[in-house]
Amino acid sequence: MLPDQQAEIQEWLHRGRLDEVTAEQLLTAPRIVPETAVFHCQQLAAKALKAYLVSTNVSFPRTHDLVRLIEMCCGVDQAFAELLDIAVLLTPYATLYRYPTDEPAPDAELAKQQFERARRVLTFVLDRLPPDVRR
C-alpha cells in the first residue's frame, strides 16, 4: 500500500472516530441530543466505508448514501451485504434533522441503537483493513 493511500485511509478513520466520540458524548450528556447524535452515527458509518473503499482502490462519489457505498464495497467483498439493513436505517440521518422537519425526533433509546449499528459498521471495516492502517 502506498504511503498516500495509507494516510488517506487513516484520515477517513480519524474523522469517523471523531463522529463516534461526538455521538457518544451526545448520548451520555446530562441533556441527551438524539437528533444530532444520529447524524454523527451516519457520518461514522459513511467515513468507515469510505476508508475501506480507499483501501481497495475503489473511487467513490461525494455521497451520504450508505446503501450506495455498501453496494460499492460489495463489488470487492460480498460480505458487506450483511450491512445493507444498517445502511437503510442510517442513511436518512445524513440530512433528516439538519433542517426543520415534521419528522418526529428519535428518542434516546433509538439513537443509542443507531450508535451501536454505526459502530458495527466501523468494526466490520476495521476487521478488513491491514493492521498498520487501523491505528
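The values are calculated or read from the model by the stated rules, or taken from the named source; none is laboratory data. No experiment lies behind these values; they were computed from the predicted model shown. A quick note on method: Cβ atoms are made from the backbone with ideal geometry, for glycine too, and the neighbour counts reach across all protein chains shown.
Assorted remarks:
- Segment 124-135, residues that are modelled with pLDDT of 95 or more, among the charged types (D, E, K, R) and either surrounded by fewer than 14 Cβ atoms within 10 Å (Cβ to Cβ) or not in a loop (DSSP other than H, G, I, E, B) (or both): D127
- Test result for L84, closer than 13 Å to F124 by Cβ, surrounded by fewer than 19 Cβ atoms within 10 Å (Cβ to Cβ) and in contact with an Asp or Glu (Cβ under 9 Å, 6 or more places away or on another chain): yes
- Qualifying positions in segment 92-123 - touching a residue at least 60 places away in the same chain (Cβ under 8 Å) and buried (at least 17 other Cβ atoms within 10 Å of the Cβ): Y97, P106, A111, K112, Q114, F115, R117, A118, R119, V121, L122
- Condition met for F39 (surrounded by 14 or more Cβ atoms within 10 Å (Cβ to Cβ), of a type in the set (F, W, Y) and closer than 21 Å to M1 by Cα): no
- Of all residues in segment 18-44 being charged (D, E, K, R) and in contact (Cβ under 8 Å) with a residue 24 or more places away in the chain, the one that is farthest from V121 (Cα to Cα): E35
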